[in-house]
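A.B. asks: Okay, handing you the structure first.
The values are calculated or read from the model by the stated rules, or taken from the named source; none is laboratory data. Quick caveat, the model's predicted, so the values are computed rather than measured. Note that we place each Cβ from the backbone using ideal geometry, even for glycine, and neighbour counts take in every protein chain shown.
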Amino acid sequence: MWLVNKLFLQVQSSVKPKLLDRSSAQSKSFAVRENRYPNFLKIWHYHPELELVVIKESVGTRFVGDSIEKFEPGEVILIGKNLPHMWLNDDAYFQRNPGLIASAFSIHFREDFVGEGFLNLQSTELLSKLFEKAQRGIRFVDLNFPIEAEINQLIAEKDDFQKLLQLLQILYQLAKQENITLLSSEGYQTTKINEGSDETHKYIFKYFNKSIQLNDVAAVAGMNPSSFSRYFKRIHRKTFSRYLIEIRIGYACKLLMENKSNISSICYESGFNNLSNFNKQFRKLKGMNPSEYIKMHD
C-alpha cells in the first residue's frame, strides 16, 4: 500500500483535484462509453456529473474522497457530483505490457438529466435517495441483475428515447440494491450532508468539532441518553462515539488534503482534545498516520 501511496503522490500535480469536462457530446442528458486503454486516467479529478463505473479489466487502487481501497474486475461504483476520485492501476499497467488492458464502462449524467423537478416526484424517490447516497460514493456488492449486459444494450440502442428509458431502468435497479457500501466518510462531505438531514444530524454536523456529548444529541432527539444510544447503534450499526470519531477523522482528511494547516492545528480543529489520541484514531481508521497521509497528497 505504501508503494501505491508513493505513486499517488507522483501523479498529483497539486493537492486540489482537477475539474474535468464530462459533458456529453453524444447526448444532452448523458454519455455512455466503453473505455479500453493501457491504463486508466491517472488524474485526481471531479465533475458536476454523477458517474457510474463498471470495471471490466485491470486491478489497482481506487480513491474516492478520503476512501482508499483496492479494485478489481466486476466492481460497480456510483460517484456523486463533484466528489473527487481516481482509479489508479498497479505499476505493471504503466510498463507498456501489451498483455494488460484497463477496461471499464462509464456513464456520466447530471441529477436533472431527465429534466428539472423529476427527482421531486413521489415515483422517483428511490432515485433521489440513490443520488444522495452517491455523494459519498457507492460500491454495489453482488448485484442481482446483469449490469454489463444492460449497459451493452444501452450502448447498442439507436433510439434516443429508448436509450433514456434503458438508463433509467439500470439506475432504478441499482436504487433497489440493499447490499451496498458507502465509500467516503461523512466527515469528508460535512457541508453537503448537513443539507436536508434531520435535526439530530444537523446538530451533530454543526458541533462535531466541539465538545459534543451523547447527552446533548439525545436531548435534540427528545430521548433519554440510554434509549438514544440503543436507537443510534441500531440505525447506524455503530456507537455514537465511533460515529463521531469517523466524522472528525473524515473532516481532518479533508483539511490535510487541502493543506490548510499543520497536523497539530487540524487535530484540534477536527474536535480532538490531544494529538496522541488523534494520531491513534487516525491510524486505526486510515491505516497510516497523518504525516503519511499528507505525503500522499502533497
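A.B. asks: Could you look through the stretch 57-79, keep only residues that are charged (D, E, K, R) and crowded, with 17+ Cβ neighbours inside 10 Å, and pick out the one that is modelled with the highest pLDDT?
C.D. replies: Residue satisfying both the conditions and the ranking: Glu75.
A.B. asks: Criterion first (among the aliphatic types (A, V, I, L, M), at pLDDT below 80 and not in a strand (DSSP E or B)) does Ala92 satisfy it?
C.D. replies: No.
A.B. asks: Sticking with this one: Out of the residues in the stretch 91-105 that are in contact (Cβ under 8 Å) with a residue 60 or more places away in the chain and surrounded by fewer than 18 Cβ atoms within 10 Å (Cβ to Cβ), which is farthest from Leu52 (Cα to Cα)?
C.D. replies: Asp91
A.B. asks: Only one residue in Ser265, Ser276, Ser241, Ser291 is at pLDDT 85 or above, of a type in the set (Gly, Ala, Ser) and closer than 26 Å to Ser226 by Cα, so which one is that?
C.D. replies: Result: Ser241 is the single residue among Ser265, Ser276, Ser241, Ser291 that is at pLDDT 85 or above, of a type in the set (Gly, Ala, Ser) and closer than 26 Å to Ser226 by Cα.
A.B. asks: Additional query: Considering only residues that are modelled with pLDDT of 85 or more, more than 11 Å from Ile107 (Cβ to Cβ) and in a strand (DSSP E or B), which ones fall in the stretch 36-55?
C.D. replies: Arg36, Tyr37, Tyr46, Ile55
A.B. asks: How about the stretch 154-175: which of its residues are in contact (Cβ under 8 Å) with a residue 60 or more places away in the chain and farther than 21 Å from Ile77 by Cα?
C.D. replies: Selection gives Asp160 alone.
A.B. asks: Can you find even one residue in the stretch 55-69 that is among the charged types (D, E, K, R) and either within 21 Å of Pro146 (Cα to Cα) or not assigned by TED's automatic domain parsing to the domain that holds Gln153 (or both)?
C.D. replies: Yes, some residue in the stretch 55-69 is among the charged types (D, E, K, R) and either within 21 Å of Pro146 (Cα to Cα) or not assigned by TED's automatic domain parsing to the domain that holds Gln153 (or both).
A.B. asks: OK, next. Given the options Leu154, Leu168, Leu127, name the one that is in a helix (DSSP H, G or I) and either among the acidic types (Asp, Glu) or closer than 15 Å to Gly80 by Cα (or both).
C.D. replies: Leu127 is the lone residue from the list that is in a helix (DSSP H, G or I) and either among the acidic types (Asp, Glu) or closer than 15 Å to Gly80 by Cα (or both).
A.B. asks: Provide a single number: the residues in the stretch 130-151 that are closer than 23 Å to Glu111 by Cβ and part of a helix (DSSP H, G or I).
C.D. replies: 10
A.B. asks: Then there's this: Among the listed residues Val53, Val59, Val64, which satisfies the condition of being under 20 Å from Asn152 (Cα atoms) and in contact with a strand residue (DSSP E or B) (Cβ under 7 Å, 6 or more places away or on another chain)?
C.D. replies: The conditions single out Val53.
A.B. asks: Another question, if that's okay. Give just the number: which of (1) more than 30 Å from Ile247 (Cβ to Cβ); (2) touching a helix residue (DSSP H, G or I) at 6+ places or on another chain (Cβ under 9 Å) does Phe131 not satisfy?
C.D. replies: It is condition (1) that Phe131 fails.
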